[in-house]
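To start, the structure itself, in structure tokens.
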Amino acid sequence: MNTEEEERIEAVNRYIRGDKPSNICRDACRSEKWLFNWVNRFKTGEDEWYKSRSRAPKKHGKRIRKELENTVVNVRNSLRRGNEHESKYLGVSADAVQYRMEKLGFSREDMPSVSTIKRIVKNLMA
């Protein structure tokens with residue numbers, strides 16, 4: 001256990017014993033917001049309430065679905081093969097992939113942007 005964790009435990013214990021928050025904060029050179037953050041964390045009942053938590057995002061908001069990534073790759077592969085008459089003249093650019101996906105029935109809202117298609121191709125085709 002490091003000194004910050006010990007300081008948190010000591011401050012919360014003093015608060016529970018009835019010490020004034022202003023005295024606790026003055027002695028610890030911390031704000032009342034800091035104190036009540038740890039008091040509230042203590043009240044959750046977690047075993048390791050005094051440990052710091054990661055502030056990194058737990059989810060990436062704009063991440064696209066794996067099925068959509070696979071569709072982009074499959075469309076690009078079919079354009080590269082040039083099996084159909086139309087695909088011989090489209091090329092394999094991200095614009096061409098987007099055009100073909102539109103022809104396949106994807107709406108503009110469901111379709112990834114050109115930059116996203118380029119990123120998918122770069123990451124999965126390399």
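The values are calculated or read from the model by the stated rules, or taken from the named source; none is laboratory data. Please read all numbers here as calculations on a predicted model, not as lab measurements. Cβ sites come from the backbone with ideal geometry, for glycine too, and all protein chains shown count toward neighbours.
Looking across segment 79-121, the residues that are of a type in the set (S, T, Y) and modelled with pLDDT of 85 or more come down to S93, Y99, S107, S113, S115, T116. For L124, are the conditions met, namely being of a type in the set (A, V, I, L, M), surrounded by fewer than 16 Cβ atoms within 10 Å (Cβ to Cβ) and at pLDDT below 90? It is true that L124 is of a type in the set (A, V, I, L, M), surrounded by fewer than 16 Cβ atoms within 10 Å (Cβ to Cβ) and at pLDDT below 90. What are the residues in segment 29-57 that are exposed (fewer than 10 other Cβ atoms within 10 Å of the Cβ) and either of a type in the set (A, V, I, L, M, F, W, C) or at pLDDT 95 or above (or both), if any? Across segment 29-57, the qualifying residues are C29, K33, A56. Restricting segment 1-18 to residues that are under 19 Å from R53 (Cα atoms) and among the hydrophobic types (A, V, I, L, M, F, W, C) leaves a set whose member that is surrounded by the fewest Cβ atoms within 10 Å (Cβ to Cβ) is M1. Looking at segment 19-26, can you tell me whether even one residue there is exposed (fewer than 10 other Cβ atoms within 10 Å of the Cβ) and in a helix (DSSP H, G or I)? Checking segment 19-26: not a single residue is exposed (fewer than 10 other Cβ atoms within 10 Å of the Cβ) and in a helix (DSSP H, G or I).
Need the failing condition index for C29 against (1) hydrophobic (A, V, I, L, M, F, W, C); (2) in contact with a helix residue (DSSP H, G or I) (Cβ under 6 Å, 6 or more places away or on another chain); (3) on the phi > 0 side of the Ramachandran plot, just the number. It fails just one condition, (2).
Would you check which residues across segment 34-64 are among the hydrophobic types (A, V, I, L, M, F, W, C) and either farther than 30 Å from D110 by Cα or more than 19 Å from the chain's Cα centre (by Cα) (or both) and list them? Write out each step before concluding.
Keep residues of segment 34-64 that are among the hydrophobic types (A, V, I, L, M, F, W, C), which gives 34-36, 38-39, 42, 49, 56, 64.
W34, L35, F36, W38, V39, F42, W49, listed by residue number.
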